[in-house]
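The values are calculated or read from the model by the stated rules, or taken from the named source; none is laboratory data. Since the model is a prediction, treat every value here as computed from it, not as a measurement. Here the Cβ positions follow ideal geometry from the backbone for every residue, glycine too, while neighbour counts run over all protein chains shown.
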Amino acid sequence: MDAAQRLDALLKPELAALQQKSLYRLRRILAGPQGPEIEADGRRLLNFSSNDYLGLAAHPELAAAAKRALDQYGLGAGAAHLVTGHTRAHQALEEELAAFCGRPRALLFSSGYLANLGIAGALAGRGDQVLEDRLNHASLLDAGLLCGARFARYAHADVAALKKEFEARSGHTLVVTDGVFSMDGDVAPLPELARAVDEAGAFLVVDDAHGFGVLGETGRGSLEHHRLGMAEVPVYMATLGKACGAFGAFVAGSEALVESLIQRARTYIYTTAAPAALAEASRAALRLLAAESWRRERLRALIARFRSGAKQLDLKLADSVTAIQPLLVGEAAEALQLSERLKERGILAAAIRPPTVPAGTARLRLTLTATHSEEQVDRLLDALKAAAP
């Protein structure tokens, strides 16, 4: 038996076990742009599984900006930002993001995952402490585990539990939380967290991937929602692939923070820069996000309509005011079966199972966007009524 065969012999039983436990994951093949309706695996489906919260992913202005940049810059960046990969487009986007967030500087990363790994690796290490919400995104948990600091998790959104984890150390402490939790849709208690962190002399890091562009009157995310600023949250990360409909991520903060990340964040230093075309598309998205407040207003109205209808159907929704509306099911097999019954009725509603969520809390992660219609939301409710066991 050669090495490839031995490896397959090792892996195949593990794959079979995942299938038996209803935990096996499959990809869908899309044949067109993101939108409230998509073609997936050759079938037209009403899409309630996208993070394209403001409906910008297929906006013609983003595509036009990217096409112009392709003519100007070509496709590949060619190198990391610190070598020859940092273009005028990247620089302009960083400056515009910093201004939008009301902070001196912003720094682009190629993904939110890389941004979170970079933050933790640059700001914490041996002798330091990283404390995280138990339901943080996997990228945050991995960042805490890999940075070399003492790592601990506190009970979800529980400030009292966080306080018990503080301890006197020679180093410093980072407290890291999602602004909006990606699988539950709830908003972190940032004012209470900020007070506890300040009293402990620690530093608060917020990943606002699912809040940026959506929460707050002007779309400035969970910090605007809670009326907080850089004094309370010195490290702010958000992504450009969700509400902005583009790709990548950024960290916004002080001059010293950004310069420190440039010098020390390995996932920034050693990664090829994203194409300039994506930076120009993100600039277009940021302009639309700022100018078209109707998108957030419409999204809030659709969320209210869905929750009202779900209440009438006695559906077990999580307590969320955001675009993420999880329908709790329980066991993984049951969530998959419900997802399939909805698909038979023309609805795409992804089943989320362990290890993404804790065992026994499998759910359909239903997401609404500003480009859904009221009729489409009503179709979802009708389909849930018909598909319910």
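Quick notes
- Within segment 26-75, being surrounded by 20 or more Cβ atoms within 10 Å (Cβ to Cβ), part of a loop (DSSP other than H, G, I, E, B) and among the hydrophobic types (A, V, I, L, M, F, W, C) holds for PHE48, LEU54, LEU56, ALA57.
- Number of the exception - LEU366 against (1) within 22 Å of ASP208 (Cβ to Cβ); (2) assigned to a helix (DSSP H, G or I); (3) in contact with a Phe, Trp or Tyr (Cβ under 7 Å, 6 or more places away or on another chain): (2)
- Lone qualifier among ALA388, ALA359, ALA332 - being farther than 20 Å from ASN47 by Cβ, at pLDDT below 95 and in contact with a Pro (Cβ under 8 Å, 6 or more places away or on another chain): ALA332
- Helices (runs of 4 or more DSSP H) contained in segment 241-332 and holding at least 2 residues within 30 Å of GLY76 (Cα to Cα) and touching a residue at least 40 places away in the same chain (Cβ under 8 Å): 255-264, 266-269, 276-291
- Residue under evaluation LEU23, criteria (1) in contact (Cβ under 8 Å) with a residue 24 or more places away in the chain; (2) more than 30 Å from GLU280 (Cβ to Cβ); (3) outside any loop (DSSP other than H, G, I, E, B), criterion not met: (3)
- Checking segment 169-182 against the condition returns a match, with at least one residue being within 18 Å of ASN51 (Cβ to Cβ), among the small types (Gly, Ala, Ser) and either modelled with pLDDT of 95 or more or more than 17 Å from the chain's Cα centre (by Cα) (or both).
- Within segment 39-59, being under 23 Å from the mean Cα position of the chain (by Cα) and not hydrophobic (A, V, I, L, M, F, W, C) holds for ASN47, SER49, SER50, ASN51, ASP52, TYR53, GLY55, HIS59.
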